Ligand code: SF4
């Protein structure tokens, strides 16, 4: 198949769903890692096509959702400083910090700008040498190459007024955390295709072997997702736990080696807090010492910011596949996309926003 609409072909979707029905004999709980997959499942009603034995739970692969509150509060503090141009992808502007969001900082006079690439932020820094220009570098492995490139480029071009506020997280360590938690229900993973396009899937076989779970690299179109589910269910029914690639048109085992080399040049592993989940050892990337001068946390005095997360929001349990958004008492009541209490209701990839948009009948 060559074109995207072929992966939405209704006949092929029905055929694949029927094959899942024929294959399954008992209950299985699968987690789609990526929020983009969650939205595709809700948008196309794929969960309605599955047999009742298959339960899909929604994983932590939404970068906006897992950026910890303390990084949001640090971003707000830096963005409010005079002489700072704070740059970010647009979806971070509405993420609630402890008291406000970046839109509010902008409304009060902060110079907060949306950019489409961190390289644009480097250009803004070159054009404004008398200002400090900060880029909010969040995300999984997918955004890491561009963020690494911006830092490498700022160093190579000698742009001293550019820095990055980093909140990078990694998928394999999150899978370890989910699978080793006492409340874990996940028996198989649909791995995030775009993360694997960068990183490959060479890191996954030890995880599949250690926890005895199938891991299927899966894309984002309806047929991709159903094929990923079918592949995982076939393994579970056969008592297997392998890594398989159901997204071969975009992913190889090795991944994008030049992108990985750039990441390794600029970043190193570090412990990282995940919003609602807490600290996961070695689950993040931080700047290597030779790039430390570009770390906004070193440049601005924000190290003491360490807020408590509000107890009302149970997004952490949702992101680990323990509960579903409609089981949150605030879902659709105190918490809506217009007045979000947590990041999973803000982000386009957030599970709570997906349920609010595509499953309004579940609002109690
Ligand atoms: S519905 Fe709102 S409060 Fe509840 S978990 Fe989702 S984001 Fe948090």
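The values are calculated or read from the model by the stated rules, or taken from the named source; none is laboratory data. Remember, it's a predicted structure, so these values are computed and weren't measured experimentally. Every residue, glycine as well, gets a Cβ built from its backbone with ideal geometry; the counts of neighbours run over all protein chains shown.
Taken together, 235, 227 contain a single residue that is part of a helix (DSSP H, G or I) and either over 21 Å from residue 40 (Cα atoms) or without any contact (Cβ under 8 Å) to a residue 60 or more places away in the chain (or both), which is 235. Condition check for residue 263 on (1) within 14 Å of the ligand (Cβ to nearest atom); (2) closer than 22 Å to residue 64 by Cβ: one failure, at (1). Note on segment 215-225: among residues that are touching a strand residue (DSSP E or B) at 6+ places or on another chain (Cβ under 9 Å) and farther than 12 Å from residue 245 by Cβ, the one that is surrounded by the most Cβ atoms within 10 Å (Cβ to Cβ) is 225.
Candidates in segment 268-283 are the residues that are away from the ligand (no atom under 16 Å from the Cβ) and buried (at least 23 other Cβ atoms within 10 Å of the Cβ); of these, the one that is nearest to residue 67 (Cα to Cα) is 272. Here residue 309 clears all of (1) modelled with pLDDT of 85 or more; (2) touching a helix residue (DSSP H, G or I) at 6+ places or on another chain (Cβ under 8 Å) except the condition numbered (1). Looking at segment 30-133, the helices (runs of 4 or more DSSP H) lying wholly inside it that each contain 1 or more residues that are surrounded by 20 or more Cβ atoms within 10 Å (Cβ to Cβ), modelled with pLDDT of 95 or more and touching a strand residue (DSSP E or B) at 6+ places or on another chain (Cβ under 8 Å) sit at 35-43, 69-79, 102-107, 118-127. The single condition from (1) in contact with a strand residue (DSSP E or B) (Cβ under 9 Å, 6 or more places away or on another chain); (2) farther than 26 Å from residue 180 by Cβ; (3) without any contact (Cβ under 8 Å) to a residue 40 or more places away in the chain that residue 257 fails is (1).
Hey, among the residues in segment 192-214 that are touching a strand residue (DSSP E or B) at 6+ places or on another chain (Cβ under 8 Å) and over 30 Å from residue 121 (Cβ atoms), which one's surrounded by the fewest Cβ atoms within 10 Å (Cβ to Cβ)? My answer is 205.
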